[in-house]
Amino acid sequence: MRIILMGPPGVGKGTEAVLLAEHYHIPHISTGNIFRELYKDNTDVGKIAMGYIDRGELVPNHITNEIVRHRLMEDDAKDGFLFDGYPRNIEQAKAFDHLLKEMGWKLNAVINIAAPDEVIIERIAGRRVCETCGAVYHIHNKKPKREGICDLDGGKLVQRADDMEETVQRRLRIYCDQTAPVIGYYKSKGSIVEIDGTKSIQYTDSTIKKVLGEMN
Ligand SMILES: [Zn+2]
């Protein structure tokens, strides 16, 4: 199974990526994670890439595409893979097409988990985290027994800076600007599957597996 998984932050893409990778016994490939590993291993390319990431910039396409090429040559990717966070723009999508052709491989599906911004904002902005143990609550969906207090250790529940409404809105805007063209690109090729991400992760997971089963 060769899959690209797309979806805005907060839609449950990370969790779903892990479930799909386990189910189909394929590696879950995130270029962000590869760059972090290369950085830890003290490689030049890792240092260059993390420089961009730390400045909040996109790593140049030629570096990212080269990393992906190397990753696909590894043994565990020969029977399939799941990409998460790549391709991020049209140039990367075209380079990836080219690479797949070279390898003689075809994508099974590009899956886009979609949800309206309001749903995602409500989900993320309602999150509260225990200062002491990191347990995660939600002001509507997973209330603690006493407001503002962790059930486990009585710690104070706080909102992470990343979860503030304005931050979430900004991240969604950046995501949309970057990936809308990529989604359009795969749509024009007829290879995108849109999944309703407003329901539970169980719903998302079973719907994707059903769709993939019917397609392949
Ligand atoms: Zn706690």
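Read-outs throughout are calculated quantities, based only on the coordinates presented, and are distinct from any laboratory measurement. From a predicted model like this one, the values you see are computed outputs, not experimental measurements. Please note: Cβ atoms are built from the backbone with ideal geometry, for glycine as well, and neighbour counts cover all protein chains shown.
Magnitude of the Cβ-charge dipole of the chain, K/R +1 and D/E -1, about the Cα centre, nearest 20 debye?
That gives a dipole near 280 debye.
Can you list the lysines whose alpha carbon sits under 23 Å from that of LYS145, skipping same-chain ones fewer than 8 residues off?
Straight-line reach from LYS145, under 23 Å: LYS156.
Among the lysines, which have Cα under 22 Å from the Cα of LYS187 when same-chain residues fewer than 8 positions away are ignored?
LYS13, LYS94, LYS101, LYS106, LYS209, LYS210
Which residue, GLN159, GLY80, TYR52, has the largest displacement toward the positive end of the dipole of the chain when charges sit on each Cβ (Lys, Arg +1; Asp, Glu -1)?
My answer, from the dipole projection, is GLN159.
For MET50, MET6, MET215, what's the fewest-to-most ordering of other Cβ within 10 Å of each Cβ?
MET215, MET50, MET6
Please determine, in degrees from 0 to 90 and to the nearest 10, the orientation of helix 61-73 with respect to the longest principal axis defined by the Cα atoms of the chain, where the helix direction is its Cα long axis.
Roughly 80 degrees between the two axes.
Could you state the angle between the C-alpha long axis of helix 44-54 and the longest principal axis of the C-alpha atoms of the chain, as a value from 0 to 90 degrees rounded to the nearest 10?
40
Under the rule of at least 5 residues apart or a separate chain, name every residue whose amide H is placed under 5 Å from the amide H of MET6.
ILE111, ASN112, ILE113
So between LYS142 and GLU91, what do we pick up on full extension, going 0.36 nm a residue minus the alpha carbon distance?
14.2 nm
Pulled fully out, how much extra length does the chain show between HIS62 and ARG160, if you take 0.36 nm times their separation in residues and subtract their Cα-Cα distance?
31.9 nm
Just order 90-100, 51-61 by mean Cβ neighbour count inside 10 Å, highest at the front, would you?
Listed from highest to lowest mean packing, they are 90-100, 51-61.
Between LYS78 and CYS133, what is 0.36 nm times their sequence separation minus the Cα-Cα distance? Round to one decimal in nm.
Contour length minus the Cα-Cα distance gives 15.8 nm.
Using the Cα centre of the chain as origin and beta-carbon charges of +1 (Lys, Arg) and -1 (Asp, Glu), tell me which of ASN33, VAL193, ILE63 is placed farthest towards the positive end of the dipole.
The listed residue farthest towards the positive side: VAL193.
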